[in-house]
Amino acid sequence: DLVLPEFTVEWLRTTQARRWFQRRASGTSGSMVKIKRRDLLQMPIPRPDPDEQNAICTLLDRSSETVRAVRCELAALDRLKSSLLQNLPTGRVRVRV
C-alpha cells in the first residue's frame, strides 16, 4: 500500500534498479541469470507520498507520449528524405525556384 504499482514499474525501469539487479544476479549463463526471492524482498524502492508518486507517473507518461510523437515525426521526415533522394535526381520531382 505504500507504493503504487505504476510507480514500482517506473522505478524498475531506472538505471539504478537495473544495476541493483545486475549486482545480485547469479548463475553461469549471461541470458539466464537468477534473482533470489530474499534479494528481491530487500530491494530498496523509494516511497514518496502517493500524490508525488502519481505526479511522477503522470510526468513520465507525458514524456513517453512526447518521445513517441517525435519518433513518428522523425520517421516521416526520414521517409520524405528517402523519397526526395530517389526522385529529385531523376527529374520526377521538380524544384521550383
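Read the figures in this text as sums done on the coordinates, not as results from a lab. Because the structure is predicted, anything quoted here is derived from the model rather than measured. We place every Cβ from the backbone using ideal geometry, glycine too, and count neighbours over all the protein chains shown.
Treating the angle as unsigned and between 0 and 90°, give the value, to the nearest 10°, between the Cα long axis of helix 50-87 and the longest Cα principal axis of the chain.
The angle comes out at about 30 degrees.
Obtain the radius of gyration and the Kirkwood radius of the chain from its C-alpha atoms and give Rg over Rh.
Ratio of gyration radius to Kirkwood radius: 1.29.
Hey, what number do you get for the chain at 222 nm if only DSSP H runs of n ≥ 4 count, each worth -39500 (n - 2.57), divided across all residues, to the nearest 500?
-20500 deg cm²/dmol
Taking the Cα centre of the chain as the origin, how large is its charge dipole in debye, to the nearest 20, when only Lys and Arg (+1) and Asp and Glu (-1) carry charge on their Cβ atoms?
The dipole of the chain has a size of about 800 debye.
For the chain, what relative contact order do you get, as a whole percent, if you take Cα pairs closer than 8 Å and at least 6 residues apart? Numbers along the way, then the final one.
Details: 36 pairs, mean separation 26.7, N = 97.
Across the chain, relative contact order equals 27 percent.
To the nearest 20 Debye, how big is the dipole of segment 43-97 about its Cα centre, given +1 on the beta carbon of each Lys and Arg and -1 on that of each Asp and Glu?
Working: 9 positive and 7 negative charges, 161 e Å.
Dipole about the Cα centre, nearest 20: 780 debye.
Quick one: angle between helix 15-24 and the longest Cα principal axis of the chain, in degrees between 0 and 90, rounded to 10, please.
50 degrees
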